[in-house]
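Reading through the structure tokens given below for one structure.
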Amino acid sequence: MARRLPVEGDLPEWLSGALIRNGPGSFEFGDERATHWFDGLAMLRRYGFEDGEVRYTSRFLRTDAYEDARDGGTAGEFATGGGLLREESTDNANVHVVRFGDHHVALTEAPRRGAFDPETLTTRGEFRFRDDLTEHMSTAHLTVDPHGRETVGYAVEFGRSPQYHLYRVPFDEPRRERFASVPAEGPGYVHDCSLTENYALLVEPPLRISILRALAPGGDGMLDALEYDEDRETRFVVVDRDTGEVIAEPRTPSFFVFHHVNAFEDGNDIVLDLVEFEDADIVDSLSFEALSGDAFAAAPPGRLVRRRIDPAAGEVERSRRYDGGLELPTVPRAVRGREYRYAYGQATDRRGANGLLKADLERNTASEWWERGVYVEEPRMVQRPDADREDDGVVLAPALHTGEERTVLLVFDAETLTELARAPLPHALPFGFHGRFFPELDGEHAGR
């Protein structure tokens with residue numbers, strides 16, 4: 001049963017649909033505790049909007065990993081107890097959500113996915129593609145292209161000749177079509193991808209996956225298999241979405257990236273915006289041992305960086321677009337893969353809070369919102385129906401309010417970052433990862 005949340009302020013009457021988020025809900029495995037933020041048991045959260053009201057519900061994804069945890073064990077997670085490369089990968093799909101045809105699916109980087117009911121969040125079982133694509137890892141960051149009406153992702157195949165397999169899923173049916181296979185170097189730990197109208201882009205950092213270390217007995221998950229080589233370059237892979245041909249593979253001095261912001265074509269150039277880190281220290285800094293000190297304040301900051309790629313010359317230009325730290329970026333749906341102006345994200349670089357950021361990439365300016373003791377999670381920008389401006393809409397941002405010891409949903413005007421409303425939950429939730437707004441879902445159904 002969904003709970004109607006009290007609303008302080010006013011929600012727009014046009015806001016209808018559901019924000020469904022994914023992330024850890026518990027870190028306990030019997031008498032043991034997970035060692036890394038990435039390893040909590042998957043819990044879905046749903047905020048349903050209708051007629052100026054918001055209803056909330058949450059459920060654990062009922063998986064083999066969930067049952068193992070209740071019995072005091074773990075099938076192996078990112079940094080806890082064995083990792084992704086065991087004979088049976090974890091099905092703890094705690095990273096993201098996506099829609100394949102009529103199926104709503106929870107995702108992780110292991111090649112196992114969980115289907116769920118988008119209204120009640122009840123687990124429907126494991127989701128499987130009916131194809132023969134080999135995947136030992138798979139991205140949880142599938143990129144939705146609303147213009148081409150397809151969702152694009154990639155899988156990693158290990159072996160003597162490791163590869164990244166890029167695939168598309170049409171909006172109207174849950175089938176996967178591979179359109180390219182690209183030789184992998186390392187392979188690298190590639191977390192995200194971007195699309196333009198004609199190209200798919202991967203960024204392969206020098207954070208390599210050591211297959212031998214991953215398979216060695218006694219390891220502590222996937223984390224033990226990662227090796228960062230700062231002397232190696234970061235590789236950009238530009239793939240033609242129609243032919244599957246790799247049209248460019250330029251390289252730059254080393255850096256690490258989790259999340260892409262957006263990409264678009266500008267004449268013969270390709271513009272790719274990223275949240276970059278100097279190295280891969282961010283991965284270790286999210287372990288509970290590291291977080292027990294200064295929490296997220298001790299994590300190295302990500303930087304908003306624009307990369308302009310000249311495929312013909314094989315050259316990449318770099319420019320900073322915001323002086324502060326940020327992570328968990330998002331852009332309005334209508335401009336994904338197209339030239340755009342505004343990006344939103346979690347603002348970091350401050351003790352005692354995480355803020356909300358709106359970056360103007362044309363003017364190289366930024367607006368920020370902060371409140372002491374409030375830690376903003378991943379924001380999602382939702383445009384007003386029939387919006388005539390890119391930033392006409394709202395930003396939805398769950399946040400942990402440490403002073404009140406509870407989670408609160410914040411709603412901002414996307415143009416000004418003025419707070420319009422907040423809806424407090426009766427309790428605190430563990431910090432989550434990613435989610436999507438589904439406008440087609442009924443905001444009230446789960447409460448009926």
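The values are calculated or read from the model by the stated rules, or taken from the named source; none is laboratory data. Only a predicted model underlies this, so the values are computations on that prediction, with no experimental measurement involved. Positions of Cβ are backbone-derived with ideal geometry, glycine not excepted, and every protein chain shown enters the neighbour counts.
Evaluate the stretch 376-395: report whether one residue or more is under 18 Å from GLY325 (Cβ atoms) and either out of contact with any Leu (no Cβ under 9 Å at 6 or more places or on another chain) or among the polar types (S, T, N, Q) (or both).
Scanning the stretch 376-395 turns up no residue that is under 18 Å from GLY325 (Cβ atoms) and either out of contact with any Leu (no Cβ under 9 Å at 6 or more places or on another chain) or among the polar types (S, T, N, Q) (or both).
Is it the case that ALA200 is small (Gly, Ala, Ser), crowded, with 17+ Cβ neighbours inside 10 Å and under 30 Å from ARG149 (Cα atoms)?
In short, yes.
Would you call ARG350 outside any strand (DSSP E or B), surrounded by fewer than 21 Cβ atoms within 10 Å (Cβ to Cβ) and either among the β-branched types (Val, Ile, Thr) or modelled with pLDDT of 95 or more (or both)?
The answer is no for ARG350.
Pull up the stretch 367-380, narrow it to residues that are under 22 Å from the mean Cα position of the chain (by Cα) and touching a residue at least 40 places away in the same chain (Cβ under 8 Å), then point me to the one that is surrounded by the fewest Cβ atoms within 10 Å (Cβ to Cβ).
Among them, the one singled out is GLU368.
Under 6 Å between Cβ atoms, which residue pairs at least 6 apart in sequence (or on different chains) link something in the stretch 179-200 that is free of Cβ contacts under 8 Å to residues at least 12 places away in the same chain with a partner that is in a strand (DSSP E or B) and acidic (Asp, Glu)?
none
Name every residue in the stretch 426-442 that is of a type in the set (A, V, I, L, M) and either crowded, with 20+ Cβ neighbours inside 10 Å or under 18 Å from PRO385 (Cα atoms) (or both), in order of residue number.
The answer is LEU441, and nothing else.
Tell me yes or no: at least one residue of the stretch 307-323 is under 18 Å from HIS141 (Cβ atoms) and out of contact with any Leu (no Cβ under 9 Å at 6 or more places or on another chain).
No.
List pairs: first residue in the stretch 238-262 and at pLDDT 95 or above, second residue aromatic (Phe, Trp, Tyr) and in a loop (DSSP other than H, G, I, E, B) anywhere in the structure, Cβ distance under 9 angstrom, at least six positions apart or on different chains.
PHE256/TYR189; ASN262/TYR340
Taking only the stretch 135-177 into account, find how many residues are under 27 Å from ALA225 (Cα atoms) and either modelled with pLDDT of 95 or more or surrounded by 14 or more Cβ atoms within 10 Å (Cβ to Cβ) (or both).
22
Considering each residue of the stretch 109-136, count those that are within 23 Å of MET222 (Cα to Cα) and assigned to a loop (DSSP other than H, G, I, E, B), and give that number.
Of the residues in that region, 9 qualify.
When you go through THR196, THR234, THR143 one by one, which is the residue that is polar (S, T, N, Q) and more than 20 Å from GLU265 (Cβ to Cβ)?
Just a single option satisfies the conditions, and that option is THR234.
Can you tell me which of (1) among the charged types (D, E, K, R); (2) at positive phi; (3) touching a helix residue (DSSP H, G or I) at 6+ places or on another chain (Cβ under 6 Å) is the one ASP349 doesn't meet?
Going through the list (1) among the charged types (D, E, K, R); (2) at positive phi; (3) touching a helix residue (DSSP H, G or I) at 6+ places or on another chain (Cβ under 6 Å), ASP349 breaks only (3).
Go over the candidates ASP310, ASP360 one by one and state the one that is surrounded by fewer than 16 Cβ atoms within 10 Å (Cβ to Cβ), closer than 21 Å to VAL411 by Cα, modelled with pLDDT of 95 or more and not aliphatic (A, V, I, L, M).
Only one candidate passes the filter, namely ASP360.
For residues that are among the polar types (S, T, N, Q) and buried (at least 16 other Cβ atoms within 10 Å of the Cβ), scanning just the stretch 253-282, find the one that is farthest from TYR344 (Cα to Cα).
Among them, the one singled out is SER254.
Filter the stretch 157-188 down to the residues that are outside any loop (DSSP other than H, G, I, E, B) and either charged (D, E, K, R) or more than 18 Å from HIS141 (Cβ to Cβ) (or both) and list them by number.
GLU157, GLN163, ARG168, PRO170, GLU177, ARG178, SER181, PRO183
Looking for something in a loop (DSSP other than H, G, I, E, B), of a type outside the set (Val, Ile, Thr) and touching a residue at least 24 places away in the same chain (Cβ under 8 Å) - is there at least one such residue anywhere in the stretch 266-275?
yes
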